[in-house]
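**Student:** Below is a structure I'd like to ask you about.
The values are calculated or read from the model by the stated rules, or taken from the named source; none is laboratory data. The shown structure was predicted, so the numbers you read here are calculated from the model rather than taken from an experiment. Glycine gets a Cβ as well: all are built from the backbone with ideal geometry, and neighbour counts include every protein chain shown. Note: accessible area is taken over every heavy atom of the protein model, side chains too, but ligands, DNA and RNA are not part of it. Shrake-Rupley method; radii C 1.70, N 1.55, O 1.52, S 1.80 Å.
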Amino acid sequence: MGGMLGDVRTWAAGLGEVHEGFVHRFARSEPRESALAYMRGLISPLERKNGWTLAEEAGHAAPDRMHRLLNRCDWDADEVLDDVRDYVVEHLGDPEAVLIVDNTGFLKKGVRSAGVQRQYSGTAGRTENCQVGVFLAYASARGRTLIDRRLYLPTSWTDDRERCRAAGMEDTVAFETKVVIAKAMVRRAITEKIPFRWVTADAAYGFSKGWRTELERADVFHVMATTRHDTVVTRWAMDHPVHDLFPQLPRQKWKRRSCGNGAHGPRVYDWARVEVRPWHREDRRHWVIARRSVSRPQEISYYIAYCPADTTLDDLIRVAGSRWAVEECFQTAKQECGLDDYQVRRYPGWHRHITLAMAAHACLTVLRARILDTGKAETDPPSSYPSPCPKSDA
């Protein structure tokens, strides 16, 4: 009982610290108190985390205060997110960190939730009726968490302004592709001087030559996944298919390496790289990297990298492998912080809920970093977080 109480005190103090960082964003006491109670409910072991259950956990007689917090109270979720990001940088900031872009789906019923339509959900692995959020994760040696978010709005929404207004969207909210949203997030991180060294993303984002060019012009180092159909400039051709660079590569050029641990142990692949763009600046290099399955060598994935001249293949593999950190963030934020447990339908309400869930996730990530610092969690699995109390088998 004493150990559990210690955990309760730890996570309560941690949430209080995060909350203190953005409490000035609320003009009234009710939303200030409700925001803290909401985050406490999100990391509690409730089976369902909706207005009623969160209200009961907070000791409220009805869910009205939670509903007002998400839908009617006057506060700016983007300003709160700025403060949460500052908290992350203060406690996890690292000039060697990696920014990771990805999106995740939120399965929904009906047609009234902002941005919902039948679209591909990576979470479900198929086309479903869902919302899709684009996220930016921050991965450093001390931990990984989410630092930016935006709800993706398909043209079925942005072309219907009446539908948008009914969901709480201003007329200035226009259609933007997921890549455009991702570019804006990374630009914001640069503008706000978030400490990082690398950007990485999967092929849905990395295939964009325009974005890779923008990052290069800003001298932002990156390792971006791409498709086998992408082309690069080589000494032989202006549009050389990336998949055509590797079949004749000598066997000794392939290195068997792990790019990090997964659910079933180390993710081991065969890796090789070929230098491209021969007329770049002397202190920078461009590489195409191939990642080949050990058991199914016909399965090859590709990456395009821009980096300092002395960057090793092992360095590039580490950055490429760090992309899975965002998947871990999605999994833990959904399981531990209620990221996907919401009933709001309006556009502002979605961003408010997601922001508070991200604040809770950042808190647990920082708490775990502190526990690791003191040597108390040497046997914890990599993705574990301190819990307020033990969860039932159900």
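**Student:** Being under 26 Å from Lys209 (Cα atoms) and polar (S, T, N, Q): is that true of Gln252 here? Working first, answer last.
**Tutor:** Values: under 26 Å from Lys209 (Cα atoms): no; polar (S, T, N, Q): yes.
No; evaluated as a whole, the condition is false for this residue.
**Student:** Would you mind listing the helices (runs of 4 or more DSSP H) fully within segment 11-126 where at least 1 residues are in contact (Cβ under 8 Å) with a residue 24 or more places away in the chain, open to solvent by 30 Å² or more (accessible area, probe 1.4 Å) and closer than 23 Å to Tyr152 by Cα?
**Tutor:** Because the criterion is at least 1 residues that are in contact (Cβ under 8 Å) with a residue 24 or more places away in the chain, open to solvent by 30 Å² or more (accessible area, probe 1.4 Å) and closer than 23 Å to Tyr152 by Cα, the helices (runs of 4 or more DSSP H) in segment 11-126 that meet it are 64-71, 77-92.
**Student:** Hey, among the residues in segment 234-246 that are modelled with pLDDT under 95, touching a strand residue (DSSP E or B) at 6+ places or on another chain (Cβ under 6 Å) and assigned to a loop (DSSP other than H, G, I, E, B), which one's surrounded by the fewest Cβ atoms within 10 Å (Cβ to Cβ)?
**Tutor:** Asp239
**Student:** Among the residues of segment 127-139 satisfying the criterion of being open to solvent by less than 10 Å² (accessible area, probe 1.4 Å) and without any contact (Cβ under 8 Å) to a residue 60 or more places away in the chain, which is nearest to Phe196 (Cα to Cα)?
**Tutor:** It comes out as Tyr138.
**Student:** Still on this model: Taking only pairs six or more apart or across chains, which ones have beta-carbon atoms under 6 Å, a first residue in segment 140-153 that is closer than 11 Å to Val366 by Cβ, and a second residue that is at pLDDT below 95 and not β-branched (Val, Ile, Thr)?
**Tutor:** Pairs that qualify, where the first residue is closer than 11 Å to Val366 by Cβ and the partner is at pLDDT below 95 and not β-branched (Val, Ile, Thr), are Arg142/Ala369; Gly143/Ala369.
**Student:** Still on this structure, please answer the following. Has segment 198-218 got any residue that is in a strand (DSSP E or B), more than 29 Å from Gly143 (Cα to Cα) and not aliphatic (A, V, I, L, M)?
**Tutor:** Within segment 198-218 (the criterion being in a strand (DSSP E or B), more than 29 Å from Gly143 (Cα to Cα) and not aliphatic (A, V, I, L, M)), the answer is no, since none of the residues qualifies.
**Student:** Quickly run through segment 345-360 and pick out the residues that are open to solvent by less than 10 Å² (accessible area, probe 1.4 Å) and under 21 Å from Lys109 (Cβ atoms).
**Tutor:** Of everything in segment 345-360, those that are open to solvent by less than 10 Å² (accessible area, probe 1.4 Å) and under 21 Å from Lys109 (Cβ atoms) turn out to be Gly349, Trp350, His353, Ile354, Ala357.
**Student:** Any residue in segment 238-250 that is touching a residue at least 12 places away in the same chain (Cβ under 8 Å) and farther than 12 Å from Ala290 by Cα sitting within a Cβ distance under 9 Å of a residue that is in a loop (DSSP other than H, G, I, E, B) and open to solvent by 60 Å² or more (accessible area, probe 1.4 Å)? List the pairs, counting only those 6 or more apart or interchain.
**Tutor:** Note: pairs meeting the criteria are Pro241/Arg228; Pro241/His229.
**Student:** Looking only at segment 291-320, which residues are open to solvent by less than 10 Å² (accessible area, probe 1.4 Å) and within 21 Å of the chain's Cα centre (by Cα)?
**Tutor:** Tyr303, Ala305, Leu316, Ile317, Val319, Ala320
**Student:** Could you figure out which of (1) open to solvent by 30 Å² or more (accessible area, probe 1.4 Å); (2) over 14 Å from the mean Cα position of the chain (by Cα); (3) within 30 Å of Thr231 (Cβ to Cβ) isn't true of Asp202?
**Tutor:** (2)
**Student:** Still on this structure, please answer the following. Has segment 267-288 got any residue that is open to solvent by 10 Å² or more (accessible area, probe 1.4 Å) and under 20 Å from Ala139 (Cα atoms)?
**Tutor:** Yes - at least one qualifying residue is present in segment 267-288.
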